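Take a look at the structure set out below.
The values are calculated or read from the model by the stated rules, or taken from the named source; none is laboratory data. Nothing here was measured: the structure is a model prediction, and the numbers come from that model. When we count neighbours, we look across all protein chains shown, and the Cβ atoms used for this are built from the backbone with ideal geometry, even at glycine.
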Amino acid sequence: MARSDTDSWDLASSVGATATMVAAARAIASAEPEPLIDDPYAAKLVRAVGVEFFTKLVDGDIALDGELAEGAELMIGIMAVRTKFFDDFFLAATGEAGVRQAVILASGLDSRAYRLPWPEGTVVYEIDQPEVIGAKTATMNQIGATPSAERRTVAVDLRDDWPAALRAAGFDPAAPSAWSAEGLLAYLPPAAQDRLFDNITALSAPGSRLATEFHPDMAANLRERGNAMSEQWRQHGLDLDLGNLWYDGERNSVVEYLTDAGWSVTARRRPELFAEYGRTFPAGETAAHQRNSQAIIAVRN
Ligand code: SAM
């Protein structure tokens with residue numbers, strides 16, 4: 001179904017199902033022989049959502065062969081590296097940089113508030129749509145998971161006045177903060193992406209940090225790839241139209257936009273980031289649309 005300005009979802013539908021999709025990739029990546037990441041909650045969270053395709057995937061009940069294998073392996077590899085990148089970002093921000101408030105935008109089934117070794121006194125804010133926040137919190141309670149920081153949830157749509165909701169939850173704009181926007185930008189219209197960064201900038205005291213990703217080839221290639229992946233999954237019973245969940249249209253370059261807004265920005269392309277973590281970014285056509293995607297870290301001047 002096409003997107004609308006006020007659409008909403010749970011973890012089994014529309015944009016919400018993509019949170020389950022990437023959690024499934026983290027679960028599989030965590031179970032690899034020499035894993036780059038260890039997310040002990042991902043598989044449990046995926047099973048609790050109850051989308052048969054993703055449950056079967058994490059339980060190894062769908063044979064990953066042929067075209068399905070190539071696409072799935074690419075996504076699992078990318079999610080492992082992406083997860084490690086954002087983990088390391090938060091560890092550095094709260095470690096050597098001493099930041100004590102973290103904001104995870106579009107938190108989905110991200111379990112960082114439970115699994116990272118946050119320094120004493122760190123508050124982690126998670127923002128996502130109400131049903132997403134509610135379902136994850138319920139599952140984590142059910143399985144007896146305890147946050148490793150003070151976790152505060154902010155159940156609000158990121159197209160609404162989320163800064164007010166974040167402040168109401170206790171966020172202090174006068175103190176430095178660490179932000180992640182992971183797997184989010186493609187689900188916002190281009191103007192909403194700019195507004196998101198304007199809001200983050202307005203809430204960020206000097207010394208604040210932001211990690212995100214930007215896909216310059218989104219419009220040209222990613223949609224086509226999304227449609228191809230959705231078609232393969234449909235053959236296994238999953239009806240998730242990825243290509244229709246992403247927004248078209250020219251986007252501002254995140255690097256330029258943040259630089260103009262007063263951030264010092266560093267960006268690394270996927271092959272460079274993979275190499276840093278001892279992995280090789282795949283050379284083939286299937287991965288071509290992701291090769292120029294950038295992992296971005298910005299520090300507020
Ligand atoms: N960041 C998480 C991760 O990497 O595991 C989830 C990524 S998932 C691909 C996309 C997430 O963005 C979903 O959890 C979805 O609910 C959230 N999201 C997208 N648009 C949103 C909006 N307008 N308001 C709140 N959350 C949104």
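For the reader, a short list of remarks on this structure follows.
- Some residue of segment 139-160 being in a loop (DSSP other than H, G, I, E, B), of a type in the set (S, T, N, Q) and closer than 25 Å to residue 276 by Cα: no
- Residue that is surrounded by the fewest Cβ atoms within 10 Å (Cβ to Cβ), among those in segment 150-164 that are more than 10 Å from the ligand (Cβ to nearest atom) and not charged (D, E, K, R): 164
- Entry remark, segment 12-26: residues being over 14 Å from the mean Cα position of the chain (by Cα) and within 11 Å of the ligand (Cβ to nearest atom) number 2 in total.
Residue by residue, here is whether (1) of a type outside the set (Ser, Thr, Tyr); (2) within 16 Å of the ligand (Cβ to nearest atom); (3) modelled with pLDDT of 95 or more; (4) more than 18 Å from the chain's Cα centre (by Cα) holds:
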residue	(1), (2), (3), (4)
39	yes, yes, yes, no
52	yes, no, yes, yes
68	yes, no, no, yes
72	yes, yes, no, no
88	yes, yes, yes, no
102	yes, yes, yes, no
126	yes, yes, yes, no
137	no, yes, yes, no
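- Within segment 165-214, the residues that satisfy the criterion of being part of a helix (DSSP H, G or I), away from the ligand (no atom under 14 Å from the Cβ) and of a type in the set (Gly, Ala, Ser) are 168, 202.
Yes or no, residue by residue, for (1) out of contact with any Gly (no Cβ under 9 Å at 6 or more places or on another chain); (2) more than 17 Å from residue 77 (Cβ to Cβ); (3) surrounded by 13 or more Cβ atoms within 10 Å (Cβ to Cβ); (4) among the hydroxyl-bearing types (Ser, Thr, Tyr):
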{"position": "234", "(1), (2), (3), (4)": "yes, yes, yes, no"}
{"position": "242", "(1), (2), (3), (4)": "no, yes, yes, no"}
{"position": "246", "(1), (2), (3), (4)": "no, yes, yes, no"}
{"position": "252", "(1), (2), (3), (4)": "yes, yes, yes, no"}
{"position": "272", "(1), (2), (3), (4)": "yes, no, no, no"}
{"position": "291", "(1), (2), (3), (4)": "yes, no, yes, no"}
{"position": "301", "(1), (2), (3), (4)": "no, yes, no, no"}
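- Residue count for segment 112-126, restricted to those that are farther than 17 Å from residue 30 by Cα and in contact (Cβ under 8 Å) with a residue 40 or more places away in the chain: 2
- Within segment 139-149, the only residue that satisfies the criterion of being within 24 Å of residue 207 (Cβ to Cβ) and either surrounded by fewer than 18 Cβ atoms within 10 Å (Cβ to Cβ) or near the ligand (Cβ under 9 Å from one of its atoms) (or both) is 148.
- Selection within segment 71-98 - in contact with a Phe, Trp or Tyr (Cβ under 6 Å, 6 or more places away or on another chain) and without any contact (Cβ under 8 Å) to a residue 12 or more places away in the chain: none
- Unique residue being β-branched (Val, Ile, Thr), over 23 Å from residue 225 (Cα atoms) and surrounded by fewer than 22 Cβ atoms within 10 Å (Cβ to Cβ) when the list is 62, 104, 37: 37
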